[in-house]
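Comments concern the structure below.
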Number of protein chains: 2
Amino acid sequence: MGLGVAMLTLAAAVGTPRPALMPWPSSIERGSGELGVGPDFRSAVAGKGGALVERAAKRFEARLARQTGLVLPSPVAMAEKATLEIRCDSPGKPLPYLGMDEGYTLTVTPAGATLQAAEPWGVLRGLETFLQLVSPGSSTPFRAPAVVVRDRPRFPWRGLMLDSSRHFMPLDTVKRTLDGMAAVKLNVFHWHLTDDQGFRVESRRYPELHRMGSDGLFYTQEQVKEIVAYAGERGIRVYPELDIPGHTTSWFVSHPELASMPGPYAIEREWGIMDPALDPSKEEVYRFLDGFLGEMAALFPDPYLHIGGDEVNGKHWDASERLVAFKREKGFKDNRDLLGYFSQRLSKIVTGHGKRMVGWDEILLPSLPRDSVVQSWRGQEALGSAAKLGHQGLLSNGYSIDLMWSADRHYATDPWGKGVDQLSEAERARILGGEATLWSEFTTPETVDSRIWPRTAAIAERLWSPREVKDVDDMYARLDATSRWLDWLGLDHRAGYPRMLERLAGERADDLRRLADVVEPLEDYQRGETGHYAQQTPLNRLMDAARPESDAARDLARHVDVLLADPTRQAGRRAIRVDLEEWQGLDVSLRPLLEGTEILRETMGLAAEASALAAVGLEALGFLEQGVPAPESWWTTRAPLLEREQKPRTGLEVAYRPSIKRLMEAAAGR
Amino acid sequence: MGLGVAMLTLAAAVGTPRPALMPWPSSIERGSGELGVGPDFRSAVAGKGGALVERAAKRFEARLARQTGLVLPSPVAMAEKATLEIRCDSPGKPLPYLGMDEGYTLTVTPAGATLQAAEPWGVLRGLETFLQLVSPGSSTPFRAPAVVVRDRPRFPWRGLMLDSSRHFMPLDTVKRTLDGMAAVKLNVFHWHLTDDQGFRVESRRYPELHRMGSDGLFYTQEQVKEIVAYAGERGIRVYPELDIPGHTTSWFVSHPELASMPGPYAIEREWGIMDPALDPSKEEVYRFLDGFLGEMAALFPDPYLHIGGDEVNGKHWDASERLVAFKREKGFKDNRDLLGYFSQRLSKIVTGHGKRMVGWDEILLPSLPRDSVVQSWRGQEALGSAAKLGHQGLLSNGYSIDLMWSADRHYATDPWGKGVDQLSEAERARILGGEATLWSEFTTPETVDSRIWPRTAAIAERLWSPREVKDVDDMYARLDATSRWLDWLGLDHRAGYPRMLERLAGERADDLRRLADVVEPLEDYQRGETGHYAQQTPLNRLMDAARPESDAARDLARHVDVLLADPTRQAGRRAIRVDLEEWQGLDVSLRPLLEGTEILRETMGLAAEASALAAVGLEALGFLEQGVPAPESWWTTRAPLLEREQKPRTGLEVAYRPSIKRLMEAAAGR
């Protein structure tokens, strides 16, 4: 014990790190000391939070037990009083809703902790914060630092869109995604359920829709209810996207009569923007939609309903004589007018079922009723325009997590764009928040966790935390801890990585990992251009195993920053050298493996490139060390290495290429 | 394609490795070429195997999809014929049984594969073999080598006992354990359901048993049925152990009237051999057992029922005046006679419910009816004696996987001991096989996978494969691949390791792993002597994260073998040096982490010891390199390092100590 106290003092003296909270709270005050978390930990619920809070406290204890390895609740430990007292003022409503009160105050002292919230939603958020505070201690096995956290979200709509259509995501995948969302305080699950490649929700009214449009991979209505309840318990709203009038090929397998061109249709297996679309001129289409959307409106209790509205390429509308005549008859100039007509009719149907309609940018036409919500994949400007027109809006541009951006790039995107200052307060309030979106062309249940986590936690922070919280290094430090913490929920974003490498390389997986650690999947839409991909294409290659962000490359970039800030000091040099020397050897050490394995052979060039870049980086480092500029001839012969192959079949690039470029430029005095 | 063929030829030329089958089959012939396994893979079922085989084929396809990342069955791929044809001659019985036909023939050619079996049980075993054959290919993404496998088990009873009493194991843990068992062709799940520390099965007849004896942690009868069905689908029999007359404290919480001494009783929280025991003199005890065992006999369809019978210390029997009088009255010499009387009475009850009674060694008394089965934790000799007396028997001695032995030690244990030659054929046939046993004093749901897998696969091989299959290096090579393969079942024995280290060390988990990789939990019963452990003690320390076997230490031992076989050749020297140099630095690099973390602080001495041993090993290597014997003074000052601390609180030891000892002895010419 004497030793323990000494240690604690020491730790305090050298400065304890910021707790790894993510999203960072609105306000946090550090106290002195810490609360020990041990086998006699006990939580107690007070106030009027009701069953929702009781169940949340139970789940919380199970998670604390998992995270610490303690046996909780212990049937034998006697606690005089609760370690954590949870007080909730009211039971709130049975389901989460837009604008619910998610605020809470969490007070941790060496003597105990209190979580206070007006509604259960705040309790849920605060319990996650408490779990994030718990880590191994220097004087007790686990501890939470003394703090007072007063917290509430900046935006009321913080969502994640999951595309269950292009690749079906099984129920347990959806559940664990919801667990992760709740952990980082996201509160809206936008469920993309229908698209050209699959109709994934049971319709009892039109059962051929899911029977013929899903390969048998769909959610029953019972399962949907299960998900709505599961999410609700975690303070997450669920609303469906039923994407029309385009993205409807899977509907037409059973209902070709709704299409603009005659059938027959088959489930679409290819990716891209497809021609089929509903026929807006047919009254039976609206009758059908009234029936089907009415069924869905009853199934999903949330008052918002997403109808897509995106990416109608107009080819079938132009090709249909009936529609050409219809447009002429109505005096429509173009397909935009036709879409506007459709959206207006649709809006009435959706409103008639008691829902507010949400759609992508494309629906934002002058004729769009004010109460429709615009989800913008175009950007903040479009969002601002929508707000001016009286529409509520959500930002998704900048939050497309399937595009393989680094977390800091998402993090830099704020729903309030530059133009926000020109908006009135009322207009600004219409910007509800944003949604991370995961389109699943290149994502399967096996890889989905690694595509969502941990990067989505950075987006969650952008939507929850004060606008001023934006230090990138600090964000990455906390993101790293958050990634490990999310692991305790059973998310597979970490464990799946070595497993996928083992599939490719067996006992040599650790060696292959040295390459995988320094490459990144191509960003944006490049992968689709590197080869032919369709729904049945196996997503089991190195580019699928590789993480969207290379930590090693980021570390190198940081060391290069330090070195180039003052090359005379040479700080960071040793770390750079160690990395580059290792990477220089990748080609030789991996060649027999890559050459002898069909599924890896495509990466031989990549490994060679990684080695060559590292070698040139070492040369550049040599010049910098000697303090002499590299000769022009050196630059001329090496510079071509900086260009990467266009459309590489591997779908991967060497993540430290930019750092090598910077070293080379510095060495050559450019 | 040309390249692919060239690669294949090359691979064939350099000799492809043995397929990583485990258990190794009775007979295997290698053919030439290989069968490509790609997106158009299709299996088809022929013959009369019925629904069991159909469902097995479906599970097989899902697992092949998971293991390869292929989309199977593909709704779009057109296969002219099935890649794997499964033929089964008969539907067999609805549930697996002792002596079922598990034989199969698996023929793989470049043109296709056929699995042929007389009964569904053989299909199940053969499908696992096929899955083990599939690995990345040099000319196709995945492939199975051409082989003809004719296979059948050596012993008909190949079991795993899981103790769900001392630490409760949730349903999904049990299911995934069954998945792993089926994968390595084990066929009996022995479910230890009641003990002093918990009564884990619902009794509808005496509901206070589970209600008061389990802290709410028990299996409902519906769940038991679910497990029996789940196991049955996988060719695994399930039989319960209801351990009496000792190990019954949890029974007496609700039913003190059955005990030898008056109550009240509480659920036992400590480990060890406890005093409470049923009172064999009371007729109501037999009436109660008749009722309860009758209920269990109906719940578990297998004809065997385990009644424990072990470790009655006799203290309560000696202390009870009633029992002292009873023994005198009956003319019993001692408690052995009393146990014999009890077992005889019990046997009648068990037989009356249509079951054969199984018990631990202790029940093997002259009065034991012939049809009772003895499970021997004492050894092969006891097993032989039982067989001579006419009892069927099972070996467990040597297969106690909670004792943290290395796989090779279990592997060396054969149910046929030295005395087997003295047995007649009929007697020998009574040795049915064996069971790996996992007592769960030091195992929780979090660690159970790593305590069972992969080592149990080596025991499974001992029980399935021909007696002559016993090359240890070959076993370890295949065990390593099997361990990775088992990962695809969702077993946590690999993924849980970094996660537990992250709990202890956060971002420094990889550093801590360098220590964890070279230590092993103490063997046998030593851990219990290193501190106080009870049911609520957290099992979240380095000794819980550490694997039972250190691969790194085994690798070092192999290098030392090579070096010492011919020190002049110096082969293996470099590998030894690299390892020892790294380990020498453990103490310094880890000290701040270990010192500053309460839960890790106990391992500071261990890290220091690891470093010191590595340093001395390097000194020894130096002498060997120079070819001069180390001076006596060197030996004298270094030798004490070879002694390890008795009862170390860490519960761990440095796994490479024996190798250091050998190097030192060689250096000193001892």
Go through region A:444-477 and count every residue that is within 11 Å of chain B (Cβ to nearest Cβ) and open to solvent by less than 10 Å² (accessible area, probe 1.4 Å). 1
Quick check on my filter: what residues within region A:376-405 are part of a loop (DSSP other than H, G, I, E, B), of a type in the set (Gly, Ala, Ser) and in contact with a helix residue (DSSP H, G or I) (Cβ under 8 Å, 6 or more places away or on another chain)? A:398
May I ask you to verify whether residue A:497 is within 11 Å of chain B (Cβ to nearest Cβ), touching a residue at least 24 places away in the same chain (Cβ under 8 Å) and under 27 Å from residue A:20 (Cβ atoms)? yes
Taking region B:58-96 and keeping residues part of a helix (DSSP H, G or I), surrounded by fewer than 18 Cβ atoms within 10 Å (Cβ to Cβ) and more than 14 Å from chain A (Cβ to nearest Cβ) leaves B:59
Scan of region A:7-40 for residues that are modelled with pLDDT under 95 and buried (at least 22 other Cβ atoms within 10 Å of the Cβ), ordered by number: A:19
Inside region A:163-280, counting only helices (runs of 4 or more DSSP H) that do not spill past its ends, which hold 3 or more residues that are of a type in the set (Val, Ile, Thr)? A:171-183, A:221-233
Out of (1) open to solvent by 20 Å² or more (accessible area, probe 1.4 Å); (2) not in a loop (DSSP other than H, G, I, E, B), what's the single condition that is false for residue A:416? (2)
All but one of (1) more than 12 Å from chain B (Cβ to nearest Cβ); (2) of a type outside the set (S, T, N, Q); (3) open to solvent by 20 Å² or more (accessible area, probe 1.4 Å) hold for residue A:508, so report the exception by its number. (1)
Consider residue B:579 against the criteria (1) modelled with pLDDT of 95 or more; (2) not in a helix (DSSP H, G or I): it satisfies all of them except one. Which criterion is unmet? (2)
Considering only residues of region A:99-112 that are more than 24 Å from the chain's Cα centre (by Cα) and surrounded by 24 or more Cβ atoms within 10 Å (Cβ to Cβ), which is farthest from the other protein chains (Cβ to nearest Cβ)? A:104
Quick one: would you say residue B:384 is surrounded by 20 or more Cβ atoms within 10 Å (Cβ to Cβ), more than 22 Å from residue B:23 (Cβ to Cβ), out of contact with any Cys (no Cβ under 8 Å at 6 or more places or on another chain) and small (Gly, Ala, Ser)? yes
Filtering region A:563-578 down to residues that are of a type outside the set (A, V, I, L, M, F, W, C) and without any contact (Cβ under 8 Å) to a residue 60 or more places away in the chain, which residue is most open to solvent (accessible area, probe 1.4 Å)? A:574
Of the conditions (1) part of a loop (DSSP other than H, G, I, E, B); (2) over 29 Å from the mean Cα position of the chain (by Cα), residue B:288 fails just one. Which one is it? (1)
Unmet criterion (only one of (1) assigned to a helix (DSSP H, G or I); (2) over 21 Å from residue B:501 (Cα atoms); (3) open to solvent by 10 Å² or more (accessible area, probe 1.4 Å)) for residue B:609: (2)
Here are some conditions: (1) surrounded by 20 or more Cβ atoms within 10 Å (Cβ to Cβ); (2) more than 10 Å from every other protein chain (Cβ to nearest Cβ); (3) part of a helix (DSSP H, G or I). Residue B:481 meets all but one. Which one does it not meet? (2)
Test set (1) surrounded by fewer than 23 Cβ atoms within 10 Å (Cβ to Cβ); (2) at negative phi; (3) out of contact with any strand residue (DSSP E or B) (no Cβ under 7 Å at 6 or more places or on another chain) - residue B:270 fails condition number: (3)
Here are some residues: A:127, A:131. Which one is away from chain B (no Cβ under 14 Å) and either in a loop (DSSP other than H, G, I, E, B) or open to solvent by less than 20 Å² (accessible area, probe 1.4 Å) (or both)? A:127
Filter region A:522-554 down to the residues that are more than 23 Å from residue B:39 (Cα to Cα) and within 13 Å of chain B (Cβ to nearest Cβ), then identify the one that is least open to solvent (accessible area, probe 1.4 Å). A:552
Conditions (1) of a type in the set (D, E, K, R); (2) under 30 Å from the mean Cα position of the chain (by Cα); (3) modelled with pLDDT of 95 or more: number failed by residue B:279: (2)
If a residue has to be closer than 13 Å to residue B:84 by Cα and among the polar types (S, T, N, Q) to count, how many in region B:126-149 make the cut? 1
Hey, can you tell me all the residues within region B:197-232 that are open to solvent by less than 10 Å² (accessible area, probe 1.4 Å) and within 22 Å of residue B:436 (Cβ to Cβ)? B:197, B:198, B:200, B:201, B:219, B:224, B:227, B:231, B:232
Could you please let me know if residue B:172 is free of Cβ contacts under 8 Å to residues at least 24 places away in the same chain, among the acidic types (Asp, Glu), at negative phi and open to solvent by 10 Å² or more (accessible area, probe 1.4 Å)? yes
Does residue B:341 count as touching a helix residue (DSSP H, G or I) at 6+ places or on another chain (Cβ under 6 Å) and not hydrophobic (A, V, I, L, M, F, W, C)? no
Going through region B:579-601 one residue at a time, which ones are away from chain A (no Cβ under 14 Å), open to solvent by 70 Å² or more (accessible area, probe 1.4 Å) and either of a type outside the set (A, V, I, L, M) or closer than 16 Å to residue B:654 by Cα (or both)? B:581, B:582, B:584
Could we say that residue A:653 is crowded, with 17+ Cβ neighbours inside 10 Å, within 14 Å of chain B (Cβ to nearest Cβ) and on the phi < 0 side of the Ramachandran plot here? no
Inspect all residues belonging to region A:632-650 and state whether any of them is within 35 Å of the chain's Cα centre (by Cα), part of a loop (DSSP other than H, G, I, E, B) and at positive phi. yes
Just name the residue that is nearest to residue B:644 (Cα to Cα) out of those in region B:512-521 that are within 14 Å of chain A (Cβ to nearest Cβ) and open to solvent by 10 Å² or more (accessible area, probe 1.4 Å). B:517
Residue B:502 versus (1) closer than 25 Å to residue A:477 by Cα; (2) more than 14 Å from chain A (Cβ to nearest Cβ); (3) buried (at least 20 other Cβ atoms within 10 Å of the Cβ): which is the lone unmet condition? (2)
Output the number of residues of region A:612-670 satisfying the condition of being hydrophobic (A, V, I, L, M, F, W, C) and touching a residue at least 60 places away in the same chain (Cβ under 8 Å). 6
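The values are calculated or read from the model by the stated rules, or taken from the named source; none is laboratory data. Only a predicted model underlies this, so the values are computations on that prediction, with no experimental measurement involved. Cβ coordinates were reconstructed from backbone atoms using ideal geometry, including for glycine residues, and neighbour counts include every protein chain displayed. SASA here: full protein model, heavy atoms, side chains in, ligands and nucleic acids out. Shrake-Rupley method; radii C 1.70, N 1.55, O 1.52, S 1.80 Å.
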